[in-house]
Amino acid sequence: MQAVRSWRMFMSKTERYRHEWKYLIDTAQKELICKLLSPFLTLDKHAKNGGYMIRSLYFDNITDEALKDKINGVGKREKFRIRYYNDDLSFIRLEKKSKINNLCVKQSSVITYEEALSVIKGDIGFLKDSG
C-alpha cells in the first residue's frame, strides 16, 4: 500500500484511477450493444461512421522493459505513446499510461507534429521545459 500512496503524491487532483476491461466481441454482439445503449448515449461528435481511426506509436527502452513488465504481470508499470485520430496530424497527443495492480490512470498532453517527430527521433529535451 505504501507504493500506491507515494505514487499518488505525483498525481494532480484531476487524475483518477479507473478499472479498464477489454473484451473481444463479434459484429453481432457489437450491433446488439449499440442498439441497447443508443437510447441512453450519443456518439462523440468526432466519431466518423460510428467510430475513430486510431494511430498509436508505443515507446519502450532498449531492453523492452515495458513489454516484459506487461508479459510478467508486474503490478506497477507504465508506458508511453504518441496517438492521433482519423489521420488528423493537427491534433496529436503524447500519453503516459500507468497501472498499479488492476487500476490505471492516463496523463495526456497535446503536442505539435514537429514535437512528435522530435520524440520519435529521441530528442526529448524540449519536454523538460514544456510544462
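The values are calculated or read from the model by the stated rules, or taken from the named source; none is laboratory data. Every value quoted in this text rests on a predicted model; they were computed, and no experiment measured them. Glycine gets a Cβ as well: all are built from the backbone with ideal geometry, and neighbour counts include every protein chain shown. Areas reflect the complete protein model, heavy atoms only, side chains present, ligands, DNA and RNA absent. Shrake-Rupley method; radii C 1.70, N 1.55, O 1.52, S 1.80 Å.
Could you list, in sequence order, all residues of the range 55-71 that are under 30 Å from residue 31 (Cβ atoms) and open to solvent by less than 80 Å² (accessible area, probe 1.4 Å)? Passing the criteria: only 56.
Yes or no, residue by residue, for (1) at pLDDT 95 or above; (2) touching an Asp or Glu at 6+ places or on another chain (Cβ under 6 Å); (3) of a type in the set (Asp, Glu):
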| position | (1), (2), (3) |
| --- | --- |
| 75 | no, no, no |
| 81 | yes, yes, no |
| 88 | no, no, yes |
| 95 | yes, no, yes |
| 103 | no, no, no |
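For first residues located in the range 31-55 and within 30 Å of residue 89 (Cβ to Cβ), partners that are of a type in the set (A, V, I, L, M) and open to solvent by 100 Å² or more (accessible area, probe 1.4 Å) and lie 6+ apart or on another chain with Cβ distances below 8 Å form the pairs 50/43.
Contact map, the range 103-115: first residue assigned to a helix (DSSP H, G or I), second residue among the polar types (S, T, N, Q), Cβ cut-off under 9 Å, separation 6 or more or different chains; pairs are 113/90; 115/130.
Condition test on residue 31, is it of a type outside the set (A, V, I, L, M, F, W, C), open to solvent by 100 Å² or more (accessible area, probe 1.4 Å), closer than 21 Å to residue 131 by Cα and assigned to a helix (DSSP H, G or I)? Criteria not met by residue 31.
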